[in-house]
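The values are calculated or read from the model by the stated rules, or taken from the named source; none is laboratory data. On a predicted model such as this, the values are computed, not experimentally measured, just so you know. All Cβ positions, even for glycine, are placed from backbone atoms using ideal geometry, and neighbour counts span all protein chains on display. Each accessible area value is taken on the protein alone, full model and side chains, heavy atoms only, with ligands, DNA and RNA left out. Shrake-Rupley method; radii C 1.70, N 1.55, O 1.52, S 1.80 Å.
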Amino acid sequence: MDKGHSFKIFIGLVVGTAIGIIFNKLSDQAWVNWTIEYVATPMGVAFLRALMMIVVPLVFASLAVGVRTLGSGQNIGLVFGRLGLFYISTTLVAILIGQVLVNAFQPGAGISEELMNTSRAEMASQVASLVEKSSHVNESLWPGLVSAIIPKNILFSFAGGEMLAVIFVSIIVGLGLLHLNNKASDTFTQVLESISDLSILVVGWIMKFAPYAVAALMVTSISKLGFEIIDNLAKYVLVVCVGYLAQLLITYPLVLKFLLKISPIEFYRKASTAMVTAFSTSSSNATIPTTTKVLEEDFNVSKTITNFSVPLGATVNMDGTALFEMVAAIFVAQVFHVDISLVGYISLILLMLFTSIGVAGVPGGSIPILMSAMAMVGIPPEGIALVIGVDRLLDMGRTTVNVTGDMTAALFVKKYFKRKELSK
Ligand code: ASP
């Protein structure tokens, strides 16, 4: 993506935020609400839907081709195994950062009655439906993951955009093509390659509107934020944001500099377009096309690598989400004076690791799963009422961290697997 365009997208972000803040202050004016509802919202929705429209065909075609190109089954196992280990390591670091910060700053200690009562009253109906949703997740957290991965009906799961199932089917198709290895499978692979190229081409067209769409998305989300974030909640937001910054400014730069030998400044300069898209859409899934394009064009990562690492990363590698989940769960525990034992902490770490894999890469995707994880270790899930009001802002941040982690992982594969099929 050319530098000028990336800069324009960034300007869109700044201008959209400024207008959002002004609109937030003028929210009692009819023309402001009209502009948000009839101008900014449709512009943002159009961009988001256009990106989402590309996701399933792009992921299916590119992942199936990626698995086939990778070659023999052994190779795939090694690459996927090391990539998985990389995902787990960076997610664990994120969870530990969250845990250290939330225990050091204790944002939930000594919470005021006023904040408890207002958030309970204001969020009552929203929380009731979330509790209902999360109890469903709770029943199905483990066997449910199996059903989420293996679809009963391929078409339903594709139509519903169920990413874990789409990934599973794409890998199976890629492996099948590898084993068939005949003329018909070659032709089918070419068709898939063409679908993948076509998707990326269309993404290029969609991204031309990104500066305006990002501005519109920012106007819509910032104008609806509640800026009166008081006492403990302000501390909570700060702890989560410091955690995100630690992951972005310490963990990834260390990995980039010492493991991957890439200048972090250069990395962030090039990664900014995907990061801004993640920030404004709050959706790792919607960012898949942009992440792919940025990695291929700006980081020179081969198609074979982006084909599997981007969809996998966007679906299962969520560092920002895991960090946020840890802070939110312990914040609520502090508020309700729930003592967490050492075993409880270890369970929480494992749960956050496990649940971040199952979180859907959509706005607010982690909330129901987080609530069910909280319930499992005895933290009242209704406590989410305290933090839900500020979640849109934190969602933007965690999605940005999630996508940055995915890009770092793709660069890890580029560096450590110099096989010829990965450099195509
Ligand atoms: N919005 C996040 C993402 O798409 C998921 C979440 O944590 O809610 O990556």
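Things worth noting here:
- Residues of segment 70-105 that are more than 23 Å from the chain's Cα centre (by Cα) and either open to solvent by less than 40 Å² (accessible area, probe 1.4 Å) or modelled with pLDDT of 90 or more (or both): L70, G71, N75, I76, N103, A104, F105.
- Residue within segment 176-187 that is in contact (Cβ under 8 Å) with a residue 40 or more places away in the chain and either open to solvent by 20 Å² or more (accessible area, probe 1.4 Å) or acidic (D, E) (or both) present: yes
- Of all the residues in segment 368-402, those that are surrounded by fewer than 20 Cβ atoms within 10 Å (Cβ to Cβ) and among the small types (G, A, S) number 3.
- Within segment 160-193, being closer than 12 Å to F60 by Cα and of a type in the set (G, A, S) holds for G161, A165, S170, G174.
- Among residues of segment 333-359, those that are part of a loop (DSSP other than H, G, I, E, B) and buried (at least 20 other Cβ atoms within 10 Å of the Cβ), counted: 1
- Scanning segment 359-403 for residues that are away from the ligand (no atom under 11 Å from the Cβ) and not aliphatic (A, V, I, L, M) yields S372, G378, P380, P381, E382, G383, G389.
- Among the candidates L323, L312, L295, the residue that is buried (at least 24 other Cβ atoms within 10 Å of the Cβ) and within 12 Å of the ligand (Cβ to nearest atom) is uniquely L323.
- Qualifying residue in segment 233-256 (condition: surrounded by 21 or more Cβ atoms within 10 Å (Cβ to Cβ), modelled with pLDDT under 90 and touching a helix residue (DSSP H, G or I) at 6+ places or on another chain (Cβ under 8 Å)): yes
- Failed criterion for T281 (all others in (1) in contact with a helix residue (DSSP H, G or I) (Cβ under 9 Å, 6 or more places away or on another chain); (2) away from the ligand (no atom under 16 Å from the Cβ); (3) farther than 22 Å from F354 by Cα; (4) at pLDDT below 95 hold): (2)
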